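Peer 1: Dropping a structure here in structure tokens format, bear with me for questions.
The values are calculated or read from the model by the stated rules, or taken from the named source; none is laboratory data. What you are looking at is a predicted structure, and each value in this text was computed from that prediction instead of being measured. Cβ atoms come from the backbone with ideal geometry, glycine included; neighbour counts cover every protein chain shown. Ligands, DNA and RNA are stripped out before the accessible areas are found, and what is left, the full protein with its side chains, is counted by its heavy atoms. Shrake-Rupley method; radii C 1.70, N 1.55, O 1.52, S 1.80 Å.
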Amino acid sequence: MHARLLDEAKNKEPCLEKKMEYSNGFPRKRDVSLQELSKRLAEFAEVRGWDQYHSPRNLLLALVGEVGELSEIFQWKGEVAKGLPNWSSDDKEHLEEELSDVLLYLVRLADVCGLDLGQAALTKIVKNAQKYPVTSTN
Amino acid sequence: MEYSNGFPSKRDVSLQELSKRLDEFAKVKGWDQYHSPRNLLLALVGELSEILQWKGEVAKGLPNWSSDDKEHLEEELSDVLLYLVHLADVCGLDLGQAALTKIVKNAHKYPVTSTNYTNNSTYN
């Protein structure tokens, strides 16, 4: 069974609209940049005339709503182990969609505020490393 | 920080790069044991509650915001992003690919219509 699943996964052609392959134990198809997401979201909003509604507070509240939906997935599951053992493909796909919605609103919010989220995140990682230095206790 | 509003970004940043650095960070500090999916979700929720509090309505591009306030907002948004990336990794999911897929799904779900252009032209 396991070997068959591996063979099946290897033979799949990469395609955005095909069923998701999960990255746990499999190589990622390709890296994704924040700027790419940002550009596609800007185009999406502009061509649909949605820019007028994308104020910072509107986007923040949309983001909070999506985090609520993300939370719902975990709400009644009790503690969840890393890698989500025993989750069905459908549940994993649903989770990917909700995580994606949070990410997309976050990226859009940063853009509308005129901030460089990618650079800010790298800077924050550096600050965190300085704030929590490694000690022998760890 | 230099702000990207009107300036080119210093360089592009990929989700995989953030993911790798977060993983190294958690391991070297012995925090992996605490990074269960639900713990990370709750940490993310905590970071969200601090964003744009008490600001009232905010215009695009944050005119009249001080550099300090902008930097603070960047830190808060970064914290949300970092927890989100790490949560996806701990769940064994490819967030970048999932996001691209979701954009495609959304484009199908909300197709461009002539109504959009009509509305658009009204406002422009």
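Peer 1: Are any of the pairs A:LYS82/B:LYS20; A:LYS39/A:LYS131; A:LYS39/A:LYS77; A:LYS82/B:LYS29; A:LYS124/B:LYS55; A:LYS92/B:LYS29 more than 27 Å apart by Cα-Cα distance, and if so, which?
Peer 2: Cα-Cα > 27 Å for A:LYS39/A:LYS131; A:LYS39/A:LYS77; A:LYS92/B:LYS29; rest within.
Peer 1: Work through the residues other than B:LEU52 whose Cβ is under 11 Å from its Cβ and net out their charges, Lys, Arg +1 and Asp, Glu -1. The partial results should precede the final answer.
Peer 2: Working: positive: A:ARG57, B:LYS55; negative: B:GLU50, B:GLU57, B:ASP69, B:GLU76.
That sum, taken over residues with Cβ under 11 Å, equals -2.
Peer 1: Shielding of A:40-47 by partners, i.e. mean partner chain Cβ atoms within 10 Å per residue?
Peer 2: 3
Peer 1: Could you work out the mean count of beta carbons from other protein chains within 10 Å of each residue's beta carbon in A:56-66?
Peer 2: 3
Peer 1: Determine the shielding of peptide B:26-35 by partner chains: average, over its residues, the number of Cβ atoms on other chains within 10 angstrom of each Cβ.
Peer 2: Values: counts 0, 1, 4, 8, 4, 2, 1, 0, 0, 1.
For peptide B:26-35, the averaged partner shielding equals 2.
Peer 1: Turning to a different aspect of this structure: Using 0.36 nm per residue of separation minus the Cα-Cα distance, give me the extension gain between B:VAL45 and B:ASP69 in nm, one decimal.
Peer 2: Length difference between fully extended and current span is 6.6 nm.
Peer 1: What order do A:HIS94, B:HIS108 take when sorted by accessible area (1.4 Å probe), most exposed first?
Peer 2: B:HIS108, A:HIS94
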